[in-house]
1. Starting from the Cα-Cα distance between residue 129 and residue 51, subtract it from 0.36 nm times their residue separation and give me the gain in nm to one decimal.
2. By the scheme Lys and Arg +1, Asp and Glu -1, what is the net charge of all other residues having a beta-carbon under 13 Å from that of residue 6?
3. Using protein chains only and a probe of 1.4 angstrom, how many square angstrom of residue 16 are accessible, to the nearest 10?
4. What length, rounded to one decimal in nm, is gained on full extension from residue 43 through to residue 100, with 0.36 nm per residue of separation minus their alpha-carbon distance?
5. 7 Å from Cα along Cα→Cβ at both residue 74 and residue 107: what's the point-to-point distance in nm?
6. So which of 15/109; 55/109; 4/119 end up more than 20 Å apart, counting from Cα to Cα?
7. Around residue 123, with a cut-off of 12 angstrom between Cβ atoms, what is the net charge of the other residues, counting Lys and Arg +1 and Asp and Glu -1?
8. In the neighborhood of residue 102, defined by Cβ-to-Cβ distances under 14 Å, what is the net charge if each Lys or Arg adds +1 and each Asp or Glu adds -1?
Amino acid sequence: ATAKKAIAAGAFRGKFSWDNTTPGTTVKGDGIGVDIAGNLAGFSSRGPTRDGRQKPDISAPGAYIASSRSVDATFTAADSDADGVHAYFSGTSMSAPHVAGLLALFLQKNKLIDVETVKSTLAANAQLDGFAVAGSSWGAGKIDAVTLLASVPWQIDVEADSGTCLGSGAGPAGSFLWLALLLFLLVRRSR
């Protein structure tokens, strides 16, 4: 996570209570910092790096995140959701997928953006609130999906590395072919 081009995720509490498999029982997590949704999780690593760079880069929900569980998995009633098929986990291994998924959508809009631009866009669109303060604990703040994705310019000229991509450099005719292919796929999918 301290690599210069890596994007490291901090974790904050998405929630701290839920209904578990015992009807009417609410569990409140403790030992992860102050029991307030939105607060930084106590286990989230703090920066800076040894050479003074800010890490983590951004923070995302990572404490008490519900996820599907295997039929073979065993969890205590306290860690299970009332539906019996989901369980609650905590860790930056829960916040990192939030960040990775948003960055996948980000790069789907424009795959030509370099790592430094991605990092600066993340920072510029981070949410700061009563908990999150830019710095070595939170990174730039809380990731904000809507603002982040709205800030990404659409990639206009799609061109494969080999230069053989359909429509590459073909101007309006190439754009028409892409549109026709897209419409064909949409119609086929709706059947």
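1. Answer, rounded to one decimal: 25.3 nm.
2. Neighbourhood net charge equals +3.
3. 50 Å²
4. Full extension of this stretch gives 18.5 nm more.
5. Result: 3.9 nm between the two label points.
6. 15/109; 55/109
7. Details: positive: 119, 142; negative: 57, 116, 144.
That works out to -1.
8. Result for the neighbourhood of residue 102: +1.
The values are calculated or read from the model by the stated rules, or taken from the named source; none is laboratory data. Computed from a predicted structure; not experimentally measured. In this analysis, Cβ positions are derived from the backbone assuming ideal geometry, glycine residues included, and neighbour counts consider all displayed protein chains. Ligands, DNA and RNA are stripped out before the accessible areas are found, and what is left, the full protein with its side chains, is counted by its heavy atoms. Shrake-Rupley method; radii C 1.70, N 1.55, O 1.52, S 1.80 Å.
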